[in-house]
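Structure first, then comments.
The values are calculated or read from the model by the stated rules, or taken from the named source; none is laboratory data. These figures come from a predicted structure and were not determined experimentally. Methodologically, a virtual Cβ is constructed for each residue, glycine included, from the backbone with ideal geometry; neighbour enumeration extends over all protein chains shown. With ligands, DNA and RNA removed, areas are computed over all heavy atoms of the protein, side chains included. Shrake-Rupley method; radii C 1.70, N 1.55, O 1.52, S 1.80 Å.
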Amino acid sequence: MAEYYVAELGPARAEEPYVSFRRPGYGDEVCWSLPWAGIWSEAEVMRAAALNDGITTVAVPRDDVHALATEPAPGRIDGDVGPEVRNSASNRRALVLAARRDIARNGAVEIPPADVAAQGNEDTRKALGALLPLLGREENIGNDRLWRLRVELLVALHSDDRRRDQPAVKAVNAIAEGAKTASSERRTPQRPVHPRPEPGQAQVAILRPLPPHVPPPPPPPDTEVSTRVMKA
């Protein structure tokens, strides 16, 4: 089974030198050092959508985190225990995109059956089901708006307030319908459209001037010379 680190990327931690990671079994406690952070199992991540919202709290596959890790600056961490992930904009974005690709790969588990859904109604589940294939497309991995809609739908599934899911459901349905229409248009060959004249409008021929007349060149002179015999 896959193993993860859970990174906290909220605005409150934007100024820290290293990315903060949640420690399994310690509630909301976080740390910078990967050995201290510890590993989350796939089952733990799948059970808690809050651990992987694709926006600020993201569950990132272990190998993707290790690819970004470096040793800490001396004296910044007790015992200089490393590695850590530097808290740069590029590293934060890389963590988010890696988490989203993993969510897209495992997206089907997010749609609960109707009999075990906490509070969400059928419209919310259908909207989430329509959204997940869109999130799985590579061009949408970086689309923050779509991923925020996913968060809103997941929250709505566990809420008894039916009003809070309506904007997200409507937005997802509109996006899904637009994607379906665009896909249909791409599959249908387009014929050239020739404008038709209005009723009663005469057809006007476009007359182009003829090229100027050029007379043919004269024939070449004869190369044979005839000799006439004159009679005296």
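Can you tell me which residue within segment 34-68, out of those that are buried (at least 18 other Cβ atoms within 10 Å of the Cβ) and in contact with a Gly (Cβ under 9 Å, 6 or more places away or on another chain), is nearest to D102 (Cα to Cα)?
Looking at the filtered set, the residue picked out is T57.
Which one of the conditions (1) in contact (Cβ under 8 Å) with a residue 24 or more places away in the chain; (2) over 29 Å from the mean Cα position of the chain (by Cα) does N106 fail to meet, given that it meets all the rest?
(2)
Of the residues E16, E84, which single one is open to solvent by less than 30 Å² (accessible area, probe 1.4 Å), charged (D, E, K, R) and in contact (Cβ under 8 Å) with a residue 40 or more places away in the chain?
Checking each option against the conditions leaves just E84.
Given the criteria buried (at least 18 other Cβ atoms within 10 Å of the Cβ) and acidic (D, E), does D102 qualify?
Against the criterion (buried (at least 18 other Cβ atoms within 10 Å of the Cβ) and acidic (D, E)), D102 qualifies.
Going through segment 141-160 one residue at a time, which ones are modelled with pLDDT under 75 and either surrounded by 18 or more Cβ atoms within 10 Å (Cβ to Cβ) or farther than 24 Å from T56 by Cα (or both)?
D160
Looking at segment 126-140, is at least one residue assigned to a loop (DSSP other than H, G, I, E, B), open to solvent by 60 Å² or more (accessible area, probe 1.4 Å) and at pLDDT below 90?
The answer is no, given that none of the residues of segment 126-140 is assigned to a loop (DSSP other than H, G, I, E, B), open to solvent by 60 Å² or more (accessible area, probe 1.4 Å) and at pLDDT below 90.
Do we have any residue at all in segment 29-48 that's modelled with pLDDT of 90 or more, in a strand (DSSP E or B) and under 24 Å from R150 (Cα atoms)?
Within segment 29-48, one or more residues are modelled with pLDDT of 90 or more, in a strand (DSSP E or B) and under 24 Å from R150 (Cα atoms).
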